[in-house]
Amino acid sequence: MRDKVSARFQKLHQNSPYDTPWPVRVRLGIALWHLVWLFLFRPSPKPCKGWRLFLLRLFGCRVEGRPFVSPSAIIKMPWNLTLQDHACLGPGSEAYNLAPLTLNARSVVAQQAYLCGGTHDFSDPNLSLVLGEILVGEDAFIGARAFILPGITIGQGAIVGAGSVVTKDVEPWNIVAGNPAKPIGKRELRRTVE
């Protein structure tokens, strides 16, 4: 299991804690995206989701179907983001996606949740950047102000309670809550009768 987990992470080389591991092209892309986000994305009214998706696509985001991204959602690197049909990044949510981040169909990231795709190797004197892909399964729900660490998979249909800190993968259809998040139940969908 340890090897499986460590295989999810990528360590970038840094010559010192003050050095950036990113090439100039990536740094320029981040700076340009930040300006576009600030002046064209952020001020757009909520109904203008097509405009925001256009801007994200322009910067390399993979969009499938009709996802929703709130104008106040913060996205670090659009080219590391995949949004599937009816996925949602809610108001004030932050995708600190230094590594790939995938929101599968109908998954929801509620307001002010933070998905953190990067950390540091604290055993390295240079504090090298360590990246970990985050995957959010179909129909999963991440509650308000939850914090998702790098390299985490949120299983299909899982629920992460508001304010939770997710340090381990969440199994499909589990409900987790707390700091660190622990299973507190199973999610069951009610069938509607017509």
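The values are calculated or read from the model by the stated rules, or taken from the named source; none is laboratory data. Here the structure is a predicted model, which is why all the values come from computation and not from measurement. We place every Cβ from the backbone using ideal geometry, glycine too, and count neighbours over all the protein chains shown.
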| Would it be correct to say that Leu127 is more than 15 Å from Lys186 (Cβ to Cβ) and in contact with a Phe, Trp or Tyr (Cβ under 7 Å, 6 or more places away or on another chain)? | no
| field | Breaking point among (1) in contact with a helix residue (DSSP H, G or I) (Cβ under 8 Å, 6 or more places away or on another chain); (2) assigned to a helix (DSSP H, G or I), for Gly60 | value | (2)
| request: Give the number of residues within region 114-163 that are in contact (Cβ under 8 Å) with a residue 40 or more places away in the chain, closer than 16 Å to Gly92 by Cβ and touching a Ser or Thr at 6+ places or on another chain (Cβ under 7 Å). | output: 0
| task | Please specify each residue of region 122-173 satisfying the condition of being aromatic (Phe, Trp, Tyr) and under 21 Å from Leu81 (Cα atoms). | result | Phe141, Phe147
| note | Here the residues within region 112-140 that are farther than 10 Å from Lys11 by Cβ, buried (at least 20 other Cβ atoms within 10 Å of the Cβ) and more than 12 Å from the chain's Cα centre (by Cα) are Asp139, Ala140
| task | Kindly provide the set of residues from region 91-107 that are assigned to a strand (DSSP E or B) and either at pLDDT below 95 or of a type outside the set (Ser, Thr, Tyr) (or both), ordered by number. | result | Glu94, Ala95, Leu101, Leu103
| task | Name the one entry in Leu81, Leu89, Leu56, Leu101 that is without any contact (Cβ under 8 Å) to a residue 60 or more places away in the chain, in contact with a Cys (Cβ under 6 Å, 6 or more places away or on another chain) and buried (at least 20 other Cβ atoms within 10 Å of the Cβ). | result | Leu81
